[in-house]
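The values are calculated or read from the model by the stated rules, or taken from the named source; none is laboratory data. Just so it is clear, the structure is predicted and the values come from calculations on it, not from any experiment. Heads up, the Cβs are rebuilt from the backbone with ideal geometry, glycines too, and the neighbour counts pull from every protein chain shown.
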Amino acid sequence: MMKITLPDGSIREYEKGSTPMDIAKSISEGFARNVISAKFNDTVLETVTPLNEDGALVLYTWKDKEGKKAFWHSSSHIVAQALEELYPGIKLTIGPAIDNGFYYDVDFGEHTVSEKDFPLIEKKALEIARGKHDFKMRPISKAEALSLYKSQGNEFKVELIENLEDGTITFCDHDTFTDLCRGGHIPNTGIVKAIKILNVAGAYWRGDEKKPQLTRIYGISFPKQKELTEYLALVEEAKKRDHRKLGKELELFAFSQKVGQGLPLWLPKGAALRERLEDFLKKAQKKAGYEMVITPHIGQKELYVTSGHYEKYGADSFQPIHTPKEDEEFLLKPMNCPHHCEIYNVRPFSYRELPKRYAEFGTVYRYEQSGELHGLTRVRGFTQDDAHIFCTPEQLDQEFKNVIDLSLYVLGSLGFDNFTAQVSVRDLDTPEKYIGSVENWEKAENAIINAAKEKGLDYVIEKGEAAFYGPKLDFMVKDALGRQWQLGTIQVDYNLPERFDLTYKGSDNELHRPVMIHRAPFGSMERFIALLLEHTGGNFPLWLIPEQAIVLPVSEKHEKYAEKVLKSLENDEIRALVDARNETVGKKIREAEMNKIPFMLIVGENEEASNTISVRRHGGEDLGSISLEQFSDLVTKEINSTLKSF
């Protein structure tokens, strides 16, 4: 017999050789019908794999992230088989699951694949899926595996196998198809009911532009056709909400090839939007005891060597700037934290003066590969709403919880109410990725977990997602389309204070090491605004939107009254403008709708005579004729309902 620990902590005994599916059936036949994958002692495996030792078992359904991963990885095998049958002689490379679906990188040789071929590939893949072929894993020797792929002339698989240890190599078979694979599949192909090929793109082998270019086939699959239909509808809605499209239409930002890839240019409306976001956070930070600082855009290379950033990221960053002085090198600032450490080091501190909270909207630069750049979400120059708190170990718990409160205020004021807190910790199997002592890491991780518990956050722990210098708490937010994004982060750091020799004098008159908290509720201004654009579809909260109202005179003779209305609105601090063009009111309304302006104020003879305005809300709701005082009250009330005091 063996003892199996289930996720709820219960321990059950089963005969050795029982499979995850056997165990699922012992829990509930209904539950077992939905189980598609499993993890045993942190190893992903198939539901038919015999278990022969004590251990912890997790069973996954389609609703689970790991279940989807197995489903989509299995689907990549199905599509790969379809491609081999449709295009003889192709060479398969790798086909992993990704966040939404899967891809397979293929050397098509003389064949070409374009969007017009997608229906044919989908049809063939579904034919294979309907065969209900079991996915079966089998071990194979390194020599046999190499022999097979050498005989096929597949140098890509040969390269993969040459880097594997003999005795660790496995193949996955289904139907007539075989592929090199580590495992993690659904029971059989029949579970896949809907497949859609989404895109085709170029991709270098192993991501190296010096190696052969392959064709990457992107796809997605579902256990029900209805779910695919719903997903495709969401994709269409996402296209309408694409921040690159909306940013251009609303004249918020632009890019220029002459300025450089990944370096956004903020247009007047976008700059005003950013300024309001900054003012919003500065006001809350001031109440929370932060002090604003400003640091340079560059720093001596030695600064980032001390911090550890150069060792970890130097090879992939913008290369050093050489000055006329021999051996003098500067770097474009990749992080604000080393600069803030040096601000703390300007003078000695007593424990009575801590915590010190330094905040900065600091612009940093990181060299992202051109193929990874994407609008505002992946850029080479961006501004972080950075702050660093230097506190005593005794103050850490309360300071961390205070930052959680600030982060929740920011997310709530901007309509991000659906989120999970992610505690990102080390991967104990790869200690070389991190700096600092094990003791400090354990203290930092425990501090974050305890704070998340005390604040009542719905949190999950993700192994291997920590920063190289410390663990962190990330807010994983779901937007209006149900997509998950990381917004805002809080990190506990015992390491940089050591590397920069930061100290404070304690009550015992001895020098002690402060703890450092890194925090950025927005993350970066660029990425935050991009996600906010897509979340709201450009319909920003009323307190934030560049133009809250537009005055539309019916004809030229009503322009004077329109200007009077505008002045009254400005006196009440309502952002507005007058559209005095020689166009019909209908056309002006349509354009105001396209520009996402919340209120259209129509003024004609009746309104001028009664000193009122006719108000139309964005979206078509007619609020009738009201006084300017009533409109001002309406705007104030709506702003106060979303923008609560901190």
Completion exercise
Given (1) touching a helix residue (DSSP H, G or I) at 6+ places or on another chain (Cβ under 6 Å); (2) surrounded by 22 or more Cβ atoms within 10 Å (Cβ to Cβ), Ser407 misses just (1)
Completion exercise
Restricted to region 76-112 and to residues being touching a Ser or Thr at 6+ places or on another chain (Cβ under 6 Å) and either free of Cβ contacts under 8 Å to residues at least 40 places away in the same chain or not in a strand (DSSP E or B) (or both), the residue farthest from Val192 (Cα to Cα) is Phe108
Problem - Residue identified as at positive phi, in contact (Cβ under 8 Å) with a residue 40 or more places away in the chain and surrounded by fewer than 19 Cβ atoms within 10 Å (Cβ to Cβ) among Gly207, Gly167, Gly183 - result: Gly183
Completion exercise
Being more than 29 Å from Leu376 (Cβ to Cβ) and surrounded by 17 or more Cβ atoms within 10 Å (Cβ to Cβ) narrows Pro355, Pro348, Pro334 down to just Pro355
Exercise for the section: Mind listing whichever residues of region 55-75 are modelled with pLDDT of 95 or more and part of a loop (DSSP other than H, G, I, E, B)? Expected result: Trp62
Handout entry: Out of Asn440, Asn446, sole residue that is assigned to a helix (DSSP H, G or I), surrounded by fewer than 17 Cβ atoms within 10 Å (Cβ to Cβ), polar (S, T, N, Q) and in the same structural domain as Glu394 (by TED's automatic domain parsing)
Key = Asn446
Practice task
Taking Lys472 as the residue in question, decide whether it is of a type outside the set (Gly, Ala, Ser), surrounded by fewer than 16 Cβ atoms within 10 Å (Cβ to Cβ) and in contact (Cβ under 8 Å) with a residue 24 or more places away in the chain.
Solution key: no
Exercise for the section: Evaluate the following for Thr229: is it out of contact with any strand residue (DSSP E or B) (no Cβ under 7 Å at 6 or more places or on another chain) and either in the same structural domain as Asn163 (by TED's automatic domain parsing) or aromatic (Phe, Trp, Tyr) (or both)? Expected result: yes
Practice task
Scan region 352-372 residue by residue and report those that are part of a helix (DSSP H, G or I), touching a residue at least 12 places away in the same chain (Cβ under 8 Å) and farther than 19 Å from Ala288 by Cα.
Solution key: Ser370
Exercise for the section: Can you tell me which residue within region 2-26, out of those that are surrounded by 14 or more Cβ atoms within 10 Å (Cβ to Cβ) and among the aliphatic types (A, V, I, L, M), is farthest from Gly184 (Cα to Cα)? Expected result: Met2
Practice task
Any residue in region 610-625 that's assigned by TED's automatic domain parsing to the domain that holds Ile597 and without any contact (Cβ under 8 Å) to a residue 24 or more places away in the chain: show its pairings with residues that are among the small types (Gly, Ala, Ser) and surrounded by fewer than 16 Cβ atoms within 10 Å (Cβ to Cβ) at Cβ separation under 6 Å, as long as the two are six or more apart or on different chains.
Solution key: Thr612/Ser625; Thr612/Ser627; Ser614/Ser625
Practice task
Just give me the residues in region 117-169 being among the hydroxyl-bearing types (Ser, Thr, Tyr) and part of a helix (DSSP H, G or I), in sequence order.
Solution key: Ser147, Tyr149, Ser151
